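The values are calculated or read from the model by the stated rules, or taken from the named source; none is laboratory data. Predicted model only: the values in this text are computed from it and were never measured. Note that we place each Cβ from the backbone using ideal geometry, even for glycine, and neighbour counts take in every protein chain shown. Surface areas here come from the heavy atoms of the whole protein model, side chains and all, with no ligands, DNA or RNA. Shrake-Rupley method; radii C 1.70, N 1.55, O 1.52, S 1.80 Å.
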Amino acid sequence: ATKEGLATEKVIRHYVERAKGGVGLIFVEGTFFTPEGRGYVQQLGLSSSEHVKRLKGLTGAVHGLNKGVKIFIQIQHAGGRAYQKVTGLQPVAPSGFPLYPGADTPRPLTRDEIRRLVEAHIEAAARAKEAGFDGVDIHCAHGYLVPEFFSPLFNRREDEYGGDLLGRTRFLTEIIKGIKERVGRDFPLTIKISGDEYAEGGLGLEEMKEIALVAQEAG
């Protein structure tokens, strides 16, 4: 993408080539929708009307092939894995400590900030629908913001967004319910989750299956 996160003709051609091959469903890469949540340089964005306009060019090109290919877009907040040298802002996370050696130290989110980030996810999904995507995928893997809330390794909060599994998945369930309310029950919504954190004290397959069922129940 451009440095502002706008889809280029090269991006569009890349996905059109996938669609020409006749795949059933394309997932467009993780896109940022808040300044502090940007994961890397020249990442696709979904935070403005100009982003929507460029992405309409992408969905229109794929749908215009008349091959019946569906195209989803993934929305991603990098959370504590964001870099200040990329965003110019201190990363944010459920709790305020580095996620791994050498990582920037994130600022712990307040309740109000969490609620604003729930709304930011909802707005991103609404923009995705406006841009012509057939569905939205929420990035809940690889230690980014949403799974940072899941994990007892990274979430040491003592409010309603921490503690037991119900608390640690509250952020996700509020996002899911809000998106469904905004874009309609028939607009497909998926999540990408890690099956195992492969870290001592982290989440394994059984806990991840529970989280998947919580997400399914939320919509």
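For the range 53-80, enumerate the residues that are more than 23 Å from GLY24 (Cα to Cα) and touching a Lys or Arg at 6+ places or on another chain (Cβ under 8 Å).
ALA78
Please go through the range 1-25 and give me each residue that is surrounded by fewer than 20 Cβ atoms within 10 Å (Cβ to Cβ) and outside any helix (DSSP H, G or I), ordered by number.
Within the range 1-25, ALA1, THR2, LYS3, GLU4, LEU6, THR8, GLY21, GLY22, VAL23, GLY24, LEU25 meet the criteria.
Among the residues of the range 37-73, which ones are assigned to a helix (DSSP H, G or I) and either open to solvent by 40 Å² or more (accessible area, probe 1.4 Å) or farther than 16 Å from GLU4 by Cβ (or both)?
We begin by selecting, within the range 37-73, every residue assigned to a helix (DSSP H, G or I); these are 37, 49-63.
Those that are assigned to a helix (DSSP H, G or I) and either open to solvent by 40 Å² or more (accessible area, probe 1.4 Å) or farther than 16 Å from GLU4 by Cβ (or both): SER49, GLU50, LYS53, ARG54, LYS56, THR59, GLY60, ALA61, VAL62, HIS63.
In the range 172-196, how many are over 16 Å from the mean Cα position of the chain (by Cα) and open to solvent by 50 Å² or more (accessible area, probe 1.4 Å)? Give the derivation first.
Within the range 172-196, the first condition is being over 16 Å from the mean Cα position of the chain (by Cα), and the residues that meet it are 181-187, 195-196.
With open to solvent by 50 Å² or more (accessible area, probe 1.4 Å) added as a condition, the list becomes 181-182, 185-186, 196.
The number of residues fulfilling the criteria is 5.
From the list VAL86, VAL92, VAL136, which one is hydrophobic (A, V, I, L, M, F, W, C) and in contact with an Asp or Glu (Cβ under 9 Å, 6 or more places away or on another chain)? Walk me through how you get there before you give the answer.
Details: VAL86 fails: in contact with an Asp or Glu (Cβ under 9 Å, 6 or more places away or on another chain); VAL136 fails: in contact with an Asp or Glu (Cβ under 9 Å, 6 or more places away or on another chain).
Matching residue, one of VAL86, VAL92, VAL136: VAL92.
Can you tell me which condition LYS67 does not meet? The list is (1) modelled with pLDDT under 95; (2) under 30 Å from ASP104 (Cβ atoms), and all the others hold.
So the condition that LYS67 fails would be (2).
Residues being open to solvent by 60 Å² or more (accessible area, probe 1.4 Å) and not in a loop (DSSP other than H, G, I, E, B): count how many of those fall in the range 81-104.
Counting residues in the range 81-104 that are open to solvent by 60 Å² or more (accessible area, probe 1.4 Å) and not in a loop (DSSP other than H, G, I, E, B) gives 3.
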